[in-house]
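Visitor: Pasting a structure here, questions to come.
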Amino acid sequence: MEVASDSAAMLRALELASSARGRTWPNPMVGCVVVRDGRVLAEGRTQPAGQDHAEADALGRIDFRAEGATVYVNLEPCCHWGRTPPCTDAILRSGVERVVVGTVDPSPHVAGKGIAKLREAGLTVEVGLHEDAARALNEAHIVAMTEHRPFITLKAAVTLDGRTATRTGSSKWITGDGARDHARHQRALHQAVAVGVGTVLADDPRLNVRLSEGRREGLPDPVRVVLDSQLRTPADARLFSTDGGPIWILTTAEGLASDRADALRTAGAELIEAGAGSQVDLTAALGALADRQIATLFVEGGATLHGALLDARVVDRWLVYVAPKVFGGRDAVPLALGAGVGEAGDASVLAPFSVTRLGDDIVLETRTADGPAGPWWTERYGSGEAT
């Protein structure tokens, strides 16, 4: 296989990295292409945690013999010991002469140190090729490393008038089978899925993936997270009787001291303190998840939790499924509650929407305009064309 240019080689590295989506956490997605004289010697991608990173995966395929070659990676090679050796060591032992990097890794363990180590050893290192695409691909890693919280996707199914339930609380089903299947696959790509206790009480969700093994493609079950200040989650909720990921309940010191705590632990939940007052502290809750190496959080409701996240301006990605239905009514449930903004000019600015048809429904996807993926998303979807 041959590549015609540095650009083509980096695009291939990005493609390889993207193919590992959902399978590398807590590590970022990295692709590696090793080229000499225009010919690809080897390719690799990040393997599941504890296994080879992309550079070692690629170079190991050629017994670490890449004298005079160029390595293309979408993210800066690591230079520290974790569960695997430093990727810079793999590059240096292989005889590579040049390394082309998409973007710097913001992890405190790396943050330019990998690039510096390679340059100090005499290698030519170039940084910034297809950087917007590289940052967009690893947007969750960037947020997790720089803000000490997971990258948050807010998912909602709404009617044309923006309602997630009727005035009586009825919400099944707003969208059709295609949209629900798409949402379940998106859930599977995340490390954790979260709801507020109100959603548990109203809908009794399972929060598992429910895809065929062929569709799941080996993706692990996400952790199931409930924000529940007073431990109102019933010990017989369907969460506890269905297959799925671990169940974490983020609660308060008051909740942990209540007589309901033991019943929920017995049912199978891990209780995590996230606030000393009467309400879960959102910053503490997100920090607790980050401490447990949760980098991606798929939030599915309800309106109270959505509103809290919006007020805190920590929603990074929007995934809104819109059905051709109208509920009407001032008491119907909106997408988000909370305080909201006082002036239109204070609204969070989002990048242009990607629009995808799913049967009779559409899904609107976007990012915050100033987030890691904002520039790439704006350039790709700024024309207003639907996908």
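The values are calculated or read from the model by the stated rules, or taken from the named source; none is laboratory data. Remember, predicted model here, so these are calculated numbers, not experimental data. When we count neighbours, we look across all protein chains shown, and the Cβ atoms used for this are built from the backbone with ideal geometry, even at glycine. Ligands, DNA and RNA are stripped out before the accessible areas are found, and what is left, the full protein with its side chains, is counted by its heavy atoms. Shrake-Rupley method; radii C 1.70, N 1.55, O 1.52, S 1.80 Å.
Visitor: Specify which residue in the list 371, 349, 298 is farthest towards the positive end of the charge dipole of the chain, using unit charges on the beta carbon of Lys, Arg (+1) and Asp, Glu (-1), about the Cα centre.
Guide: 298
Visitor: Using only alpha-carbon positions, what ratio does the radius of gyration of the stretch 304-346 give when scaled by 2.2 N^0.38 Å? Could you put the intermediate results ahead of the total?
Guide: Values: Rg = 12.3 Å, N = 43, 2.2 N^0.38 = 9.2 Å.
Cα Rg divided by the expected 2.2 N^0.38 Å: 1.34.
Visitor: Using only the Cα atoms, work out Rg/Rh for the stretch 195-322, with Rh taken as the Kirkwood radius, to two decimals.
Guide: For the stretch 195-322, the value is 0.95.
Visitor: A further question on this structure: Keeping the other protein chains in place, figure out the carbon and sulfur percent of the accessible area of the stretch 223-368, with a 1.4 Å probe. Walk me through the numbers on the way to the answer.
Guide: Values: 3490 of 6770 Å².
Exposed carbon and sulfur together represent 52 percent of the surface.
Visitor: Looking only at 85, 28, 222, which one moves most when the chain is put into a Gaussian network model with springs between Cα atoms under 10 Å?
Guide: Answer for the Gaussian network model of the chain: 85.
Visitor: While we're here: On a 1.4 Å probe surface of the protein chains, which of 76, 43, 15, 126 comes out largest in accessible area, and what is the full order?
Guide: 15, 126, 43, 76
Visitor: Once you have the Kirkwood Rh of the stretch 218-293 from its Cα pairs, apply Stokes-Einstein at 10 °C and 1.306 mPa s and quote D in µm²/s.
Guide: On the way: Rh = 12.6 Å.
Result for D is 126 µm²/s.
Visitor: Could you tell me the calculated FRET efficiency between residue 254 and residue 166, based on Cβ-Cβ distance and R0 = 30 angstrom, to the nearest 0.05?
Guide: So the FRET efficiency works out to roughly 0.35.
Visitor: For the chain, what does -39500 (n - 2.57) per DSSP helix run (n ≥ 4), summed and divided by total residues, give at 222 nm, in deg cm²/dmol to the nearest 500? Each step should come with its number before you reach the end.
Guide: Numbers: 14 runs with 113 residues, N = 387.
It comes out at -8000 deg cm²/dmol, rounded to the nearest 500.
Visitor: Here is a follow-up. Relative to the present Cα-Cα distance, how much length would full extension add between residue 337 and residue 201 at 0.36 nm per residue of separation?
Guide: Residue separation times 0.36 nm, minus the Cα-Cα distance, leaves 47.2 nm.
Visitor: What accessible area per residue, rounded to a whole number of Å², is obtained for the stretch 270-387 using a probe radius of 1.4 Å?
Guide: 50
Visitor: I want to check the label-to-label distance for residue 346 and residue 311. Put each point 7 Å from Cα in the C-beta direction and report it in nm to one decimal.
Guide: 1.2
Visitor: Are there any helices in the chain, counted as whole DSSP H runs, that stretch 15 Å or more along their axis by Cα and score at least 0.0 on average by Kyte-Doolittle, and if so which? Don't skip to the end; give the middle numbers.
Guide: Details: long enough: 6-18 (18 Å, 0.57); 177-188 (17 Å, -2.12).
Long hydrophobic helices here: 6-18.
Visitor: Just for the Cα atoms in the stretch 10-113, what are the lengths along the principal axes, largest first, rounded to whole Å?
Guide: 34, 25, 23
Visitor: On to the next question. Find, among the trypsin sites (Lys or Arg not before Pro) in the stretch 298-387, those assigned to loop by DSSP (not H, G, I, E, B) with at most 16 other beta-carbon atoms within 10 angstrom.
Guide: Passing both the DSSP loop test and the Cβ count: 313, 325, 330.
Visitor: So how long is each side of the stretch 52-98 along the principal axes, counting just the alpha-carbon atoms, biggest first, in Å?
Guide: Largest to smallest, the principal-axis extents are 28, 20, 14 Å.
Visitor: What is the distance in Å between the Cα centroid of the stretch 102-140 and that of the stretch 345-365?
Guide: Using only Cα atoms, the two centres lie 31 Å from each other.
Visitor: Using a/c under 1.5 as the rounded threshold, could you call the stretch 320-387 rounded, prolate or oblate? The axes a ≥ b ≥ c are square roots of the C-alpha gyration tensor eigenvalues, and prolate needs a/b larger than b/c, oblate otherwise. Can you show the working numbers first?
Guide: Numbers: a/c = 2.86, a/b = 1.17, b/c = 2.44.
Oblate.
Visitor: Separate question: For the residue pair residue 355 and residue 39, what label-to-label distance in nm results when each label sits 7 Å from Cα along the Cα-to-beta-carbon direction?
Guide: A separation of 4.9 nm, rounded to one decimal place.
Visitor: Once you place label points 7 Å from the Cα toward the Cβ at residue 15 and residue 330, how far apart are they in nm?
Guide: It works out to 5.7 nm between the two label points.
Visitor: Could you state the orientation-averaged shadow area of the convex hull built on the Cα atoms of the stretch 99-161, in nm² to one decimal?
Guide: Average of the hull's projected areas for the stretch 99-161 equals 5.9 nm².
Visitor: Take every Cα-Cα distance within the stretch 262-387, group them into 5 Å bins from 0 onward, and report for each bin the whole-number percent of pairs it holds.
Guide: Pairs per bin, as whole percents: 2, 8, 12, 17, 20, 16, 11, 8, 4, 1, 0.
Visitor: Let me ask another. Starting from one equal scatterer on each C-alpha and no solvent at all, send me the Debye-based log10 I(q)/I(0) for the stretch 69-194 at q = 0.09, 0.21 Å⁻¹, two decimals.
Guide: After summing over all Cα pairs, the log10 values are -0.43, -1.19.
Visitor: What is the chain's relative contact order, in percent, from Cα pairs under 8 angstrom and six or more apart in sequence? Mind showing how you got there, number by number?
Guide: On the way: 864 pairs, mean separation 59.3, N = 387.
Reported as a whole number, the value is 15 percent.
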